[in-house]
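Comments concern the structure below.
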Amino acid sequence: ARLRSLSLHGNRVTGRGATALLTSPHLANLAFLDLEGNQVRGLDANALAAAPPGGLRGVGLHGNHLSETDVGALAASPRLAN
């Protein structure tokens, strides 16, 4: 619950895994999530929209092949509202 930064650079995290991380109530205080160099694509827009608000300030997604829908889902998520 006190974790502020999590780096999972190059760990084969998929859209499903990223959605789980971004919606986890156990990571509500996370400020930065580094998912660079993974396989994030196909995020669950409904799950992200229903995520509780949190203190997430940044997500590193360089090197992923996000779709326009994925970017929209991230932008609309309460978890990334700050």
Residue list for region 67-82, restricted to those being open to solvent by 50 Å² or more (accessible area, probe 1.4 Å) and either more than 21 Å from Pro25 (Cα to Cα) or not polar (S, T, N, Q) (or both):
Glu68, Thr69, Val71, Ala75, Ala76, Ala81
Output the residues belonging to region 1-50 that are free of Cβ contacts under 8 Å to residues at least 24 places away in the same chain and exposed (fewer than 12 other Cβ atoms within 10 Å of the Cβ).
Asn46
So is Leu3 closer than 17 Å to Asn82 by Cβ, part of a loop (DSSP other than H, G, I, E, B) and either among the charged types (D, E, K, R) or within 11 Å of the chain's Cα centre (by Cα) (or both) or not?
no
Being assigned to a loop (DSSP other than H, G, I, E, B) and over 12 Å from the mean Cα position of the chain (by Cα) is the filter here; which residues of region 67-80 pass it?
Ser67
If we ask which residues in region 51-62 are at pLDDT 95 or above and loosely packed, with under 14 Cβ neighbours inside 10 Å, their number turns out to be 1
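The values are calculated or read from the model by the stated rules, or taken from the named source; none is laboratory data. Note that the coordinates shown come from a computational prediction; the quantities given were computed from them, not determined experimentally. Positions of Cβ are generated from backbone atoms using ideal geometry, with glycine treated the same way; all protein chains shown enter the neighbour counts. Accessible surface is based on the protein model in full, side chains and every heavy atom, while ligands, DNA and RNA are left aside. Shrake-Rupley method; radii C 1.70, N 1.55, O 1.52, S 1.80 Å.
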